[in-house]
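**Q** Have a look at this one before I ask anything.
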Amino acid sequence: MQGGRCRDAALHTLAAMPRRLLAIALVLLAVLLTGCTDDPADRQPGDPVTAEEAEVLAGLLAGTAETGGADLVATAPFGEDGLLTLTGEVDLAGATGRARAVTSYGGEQPDDVRTVFFTADTVWFGDLAGLPAALSAEGLPDVPFVRRPLATGSEEVPLTDVLVRLVLNLGADGTDDAAAFTAGGHTWQGQRSIDGRLASVYASDAGWSVAVDDGSGLLLQYATRLPGQEDDVTVTLADHGPRTIALPEEGQTVDAVAHPAVATAVGV
């Protein structure tokens with residue numbers, strides 16, 4: 001409704017009211033006219049974030065971690081038709097997670113499906129085709145998991161490790177400086193629904209964007225572009241709350257560093 005129409009309707013309502021209610025009605029009119037301002041409608045995607053929004057962004061990762069964790073769906077496109085998808089849950093407060101990792105290659109090549117557990121420095125792989133045979137060939141006990149350090153550095157890093165590190169980085173111990181978000185390069189991109197929740201979307205000229213739940217102020221989605229890729233890596237969080245994730249026990253795991261032949265045989 002335009003500001004003029006809203007004002008006329010409100011004044012017409014006032015004229016029909018008893019005089020003794022006029023004082024109360026004038027207060028309501030002031031509120032009504034404030035709500036009918038055209039200012040919100042004038043805001044366009046790409047406008048700089050406000051000071052209030054900068055405060056929200058500054059506390060976003062810390063506030064999301066304080067809830068404990070969330071269910072997650074993370075996707076990372078690669079090549080022409082490839083897609084890695086992690087579906088599971090993350091404990092952002094404890095920096096641990098578990099997921100079903102599905103690598104789809106496109107075409108006729110079958111999907112690769114694995115179970116993944118992870119921390120900030122270690123990743124475990126389970127449901128690996130060929131693992132029993134590889135362990136037997138090395139004279140090792142039959143265990144369900146292979147463990148190795150999470151890859152870091154400037155060398156070529158497996159896409160699973162990139163996605164795991166990105167997920168864990170969505171939690172923080174403290175808030176950021178709100179002034180960094182008002183200094184330029186951070187914009188409001190409008191609102192959209194994510195899993196049935198209305199979210200405000202903000203973007204950085206560094207290439208990332210976040211969707212923030214308008215009701216709770218929690219992170220619902222993070223997206224960024226990896227070097228050399230045309231599509232975004234996206235992490236969607238839902239059902240925020242405490243998580244307890246039990247990592248594989250030592251007796252269930254073979255060390256990939258100590259047994260490289262096993263790691264090579266199963267592709268970890």
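The values are calculated or read from the model by the stated rules, or taken from the named source; none is laboratory data. As the structure is a prediction and not an experimental result, all values here were calculated from the model. So basically every Cβ, Gly included, is an ideal-geometry build from the backbone, and we count neighbours across all protein chains shown. These accessible areas exclude ligands, DNA and RNA; they are computed on the full protein's heavy atoms, side chains included. Shrake-Rupley method; radii C 1.70, N 1.55, O 1.52, S 1.80 Å.
**Q** Considering the stretch 220-231 alone, what residues qualify as being within 14 Å of Leu166 (Cα to Cα) and under 12 Å from the mean Cα position of the chain (by Cα)?
**A** Gln221, Tyr222, Ala223, Thr224 - these are the residues of the stretch 220-231 that are within 14 Å of Leu166 (Cα to Cα) and under 12 Å from the mean Cα position of the chain (by Cα).
**Q** Now a separate question. Can you tell me which residues in the stretch 62-89 are in contact with a Pro (Cβ under 8 Å, 6 or more places away or on another chain) and part of a loop (DSSP other than H, G, I, E, B)?
**A** Thr67, Gly68
**Q** Applying the selection to the stretch 208-231, what residues are part of a strand (DSSP E or B) and either in contact with a Gly (Cβ under 9 Å, 6 or more places away or on another chain) or not charged (D, E, K, R) (or both)? Let's see the steps before the verdict.
**A** First pass over the stretch 208-231, keeping only residues part of a strand (DSSP E or B): 209-213, 219-225.
Those that are part of a strand (DSSP E or B) and either in contact with a Gly (Cβ under 9 Å, 6 or more places away or on another chain) or not charged (D, E, K, R) (or both): Ser209, Val210, Ala211, Val212, Leu219, Leu220, Gln221, Tyr222, Ala223, Thr224, Arg225.
**Q** Given (1) closer than 22 Å to Thr234 by Cα; (2) not in a loop (DSSP other than H, G, I, E, B), identify the lone condition not met by Ala151.
**A** If we test Ala151 against (1) closer than 22 Å to Thr234 by Cα; (2) not in a loop (DSSP other than H, G, I, E, B), just (2) comes out false.
**Q** Separate question: From the list Ala238, Ala246, Ala261, which residue is part of a helix (DSSP H, G or I), hydrophobic (A, V, I, L, M, F, W, C) and more than 24 Å from Ala51 (Cα to Cα)? Break it down into steps so the answer makes sense when it comes.
**A** Working: Ala238 fails: part of a helix (DSSP H, G or I); Ala246 fails: part of a helix (DSSP H, G or I).
Ala261 is the lone residue from the list that is part of a helix (DSSP H, G or I), hydrophobic (A, V, I, L, M, F, W, C) and more than 24 Å from Ala51 (Cα to Cα).
**Q** Please go through the stretch 67-87 and pick out each residue that is within 19 Å of Ile245 (Cβ to Cβ) and buried (at least 20 other Cβ atoms within 10 Å of the Cβ).
**A** Once the filter is applied, which keeps residues that are within 19 Å of Ile245 (Cβ to Cβ) and buried (at least 20 other Cβ atoms within 10 Å of the Cβ), the stretch 67-87 yields Gly69, Ala70, Leu72, Ala74, Leu86.
**Q** Scan the stretch 195-207 for residues that are at pLDDT 95 or above and outside any strand (DSSP E or B) and jot them down.
**A** None - no residue of the stretch 195-207 is at pLDDT 95 or above and outside any strand (DSSP E or B), so the list stays empty.
**Q** Starting from residues that are acidic (Asp, Glu), open to solvent by 60 Å² or more (accessible area, probe 1.4 Å) and under 27 Å from the mean Cα position of the chain (by Cα), keep the ones in the stretch 110-169 and report whichever is nearest to Gln252 (Cα to Cα). It would help to see each step written out before you state the result.
**A** Going residue by residue through the stretch 110-169, those that are acidic (Asp, Glu) are 111-112, 121, 127, 138, 142, 155-156, 161.
Next, only the ones that are open to solvent by 60 Å² or more (accessible area, probe 1.4 Å) stay: 111, 121, 127, 138, 142, 155-156.
When the remaining residues are screened for being under 27 Å from the mean Cα position of the chain (by Cα), the result is 111, 121, 127, 155-156.
Numbers: Asp111: 25, Asp121: 18, Asp127: 12, Glu155: 29, Glu156: 28 Å.
Among them, the one singled out is Asp127.
**Q** Got a number for residues in the stretch 200-219 being in contact with a strand residue (DSSP E or B) (Cβ under 7 Å, 6 or more places away or on another chain) and within 12 Å of Trp188 (Cα to Cα)?
**A** 9
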